[in-house]
Amino acid sequence: MIAIKWNGKPIKTPGWYSGIPLEIYHSPKICDGYAVSSSDLRTCWRQSPAHMRAKWAENPQREVKTPPRHYVLGSAAHHLLLGEDHFKTKYIAQPLTYRDKVTARDKTWHNGADYCKAWNAKQVANGKVWVTQDELKIIVEMSRSLALEPLVQEGLLRGYVEMSGFVKDQETDLWLKVRPDVVPTLTGDFVDLKTAADVTTVALQSSIRSYGYHQQGGLIWEVAEALKHPFESFLLMFIETDMPYCARTVPLTDDDLARGRLMNRAMLRKIATCLAAGRFPGPGEGDMRPLPLADAERERIDARLKFEKVTT
């Protein structure tokens with residue numbers, strides 16, 4: 001794979017790009033036309049075009065939210081797993097104490113204090129992500145647990161990190177963008193790290209369904225294919241954010257990934273239609289079909305009515 005060093009200008013040529021900060025990857029006009037990510041396509045499918053547009057980077061009135069801390073934990077653990085130097089280039093731990101300018105005494109670090117807030121802001125301005133001392137302990141434990149995963153020890157996470165892939169969809173003229181945790185160099189096995197409260201089978205099945213991870217893998221597959229990069233599998237590596245910090249690697253089936261690609265195709269066509277019409281409808285707009293109670297709910301109601309002796 002030949003990586004293209006990003007020159008700071010909107011992308012016009014398909015390829016794998018290095019040097020794009022995450023916040024720039026998620027910013028508007030990263031490409032010379034409208035660009036969509038896996039998150040955009042999943043939101044469009046799961047909710048509606050209106051919900052997608054509300055968070056879409058290309059929307060100047062989009063809703064901008066600070067990433068949740070569990071997202072920071074997972075990303076930081078991944079970087080630490082790749083090496084301490086790699087971790088230090090992006091993350092910085094807050095000090096334990098700060099000097100109070102009135103009393104000149106050391107105080108326990110507090111994010112509400114003016115000095116601490118200024119320090120946090122300075123790190124962000126310098127392109128760093130700050131973590132608390134408690135979060136750092138969790139990150140270390142998560143990283144240790146990940147390192148014990150057999151597939152990690154076999155080299156699953158070896159490859160290019162912080163690499164962004166871009167291709168232009170020929171049918172819709174939309175740019176597709178992906179940012180895998182690792183672009184593999186030795187195999188075609190793509191892996192994405194996810195944090196989880198629970199890595200039991202039932203919990204992960206629910207998570208995969210709820211977040212549409214098969215669409216994410218499907219888009220990586222499509223982009224890799226277009227860039228002629230080997231794609232053999234897409235694996236989710238889950239790590240708990242609380243003790244005992246269990247890790248679990250789950251490969252998605254080719255059938256589900258193919259289904260995810262079809263779902264993405266449907267949403268790309270829908271987004272293109274919305275752009276052409278200048279309207280992004282909400283869920284069920286124009287659909288006046290009745291929504292009957294589910295059979296199980298009807299049975300529960302009928303049983304209760306029978307108990308209450310109400311038949312008419």
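Restricting attention to segment 1-12, which residues are exposed (fewer than 11 other Cβ atoms within 10 Å of the Cβ) and either under 23 Å from residue 170 (Cα atoms) or touching a Pro at 6+ places or on another chain (Cβ under 7 Å) (or both)?
If the condition is that a residue be exposed (fewer than 11 other Cβ atoms within 10 Å of the Cβ) and either under 23 Å from residue 170 (Cα atoms) or touching a Pro at 6+ places or on another chain (Cβ under 7 Å) (or both), then 2, 9 are the ones that fit.
Counting only residues that are outside any helix (DSSP H, G or I) and not acidic (Asp, Glu), how many does segment 251-286 have?
Final tally of qualifying residues: 11.
Results for (1) among the polar types (S, T, N, Q); (2) in contact with an Asp or Glu (Cβ under 9 Å, 6 or more places away or on another chain), shown as yes or no for each residue.
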{"residue": "122", "(1), (2)": "no, no"}
{"residue": "130", "(1), (2)": "no, no"}
{"residue": "156", "(1), (2)": "no, yes"}
{"residue": "167", "(1), (2)": "no, yes"}
{"residue": "171", "(1), (2)": "no, no"}
{"residue": "176", "(1), (2)": "no, yes"}
{"residue": "179", "(1), (2)": "no, yes"}
{"residue": "185", "(1), (2)": "yes, no"}
{"residue": "203", "(1), (2)": "no, no"}
Fill in: segment 46-59 residues that are farther than 16 Å from residue 270 by Cα, paired with ones that are β-branched (Val, Ile, Thr) and in a helix (DSSP H, G or I) (beta carbon under 7 Å, 6 or more apart)
55/43
Worksheet item: Going through segment 209-230 one residue at a time, which ones are part of a loop (DSSP other than H, G, I, E, B) and crowded, with 20+ Cβ neighbours inside 10 Å?
Response: 212
Discussion item. Just to be sure I understand, how many residues within segment 71-84 are at pLDDT below 75, more than 15 Å from residue 237 (Cβ to Cβ) and surrounded by 14 or more Cβ atoms within 10 Å (Cβ to Cβ)?
Written reply: 0
Discussion item. Just to be sure I understand the filter: pairs with C-beta atoms under 7 Å, separated by 6 or more residues or on different chains, first member in segment 62-90 and assigned to a helix (DSSP H, G or I), second member among the basic types (Lys, Arg) and at pLDDT 75 or above. Which pairs pass?
Written reply: 74/194; 79/90
Fill in: Count - residues of segment 116-137 that are touching a Lys or Arg at 6+ places or on another chain (Cβ under 7 Å) and either assigned to a loop (DSSP other than H, G, I, E, B) or exposed (fewer than 12 other Cβ atoms within 10 Å of the Cβ) (or both)
1
Practice prompt. State the number of residues belonging to segment 255-271 that are over 14 Å from residue 43 (Cβ atoms) and polar (S, T, N, Q).
Written response: 0
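Among the residues of segment 287-296, write down those that are acidic (Asp, Glu) and part of a loop (DSSP other than H, G, I, E, B).
Correct list: 287 only.
Going by the conditions given, is residue 113 farther than 17 Å from residue 80 by Cβ, surrounded by fewer than 18 Cβ atoms within 10 Å (Cβ to Cβ), in contact (Cβ under 8 Å) with a residue 12 or more places away in the chain and assigned by TED's automatic domain parsing to the domain that holds residue 212? Steps first, answer last, please.
On the way: farther than 17 Å from residue 80 by Cβ: yes; surrounded by fewer than 18 Cβ atoms within 10 Å (Cβ to Cβ): yes; in contact (Cβ under 8 Å) with a residue 12 or more places away in the chain: yes; assigned by TED's automatic domain parsing to the domain that holds residue 212: no.
Here the answer is no, as residue 113 does not meet what is asked.
The values are calculated or read from the model by the stated rules, or taken from the named source; none is laboratory data. Nothing here was measured: the structure is a model prediction, and the numbers come from that model. Positions of Cβ are backbone-derived with ideal geometry, glycine not excepted, and every protein chain shown enters the neighbour counts.
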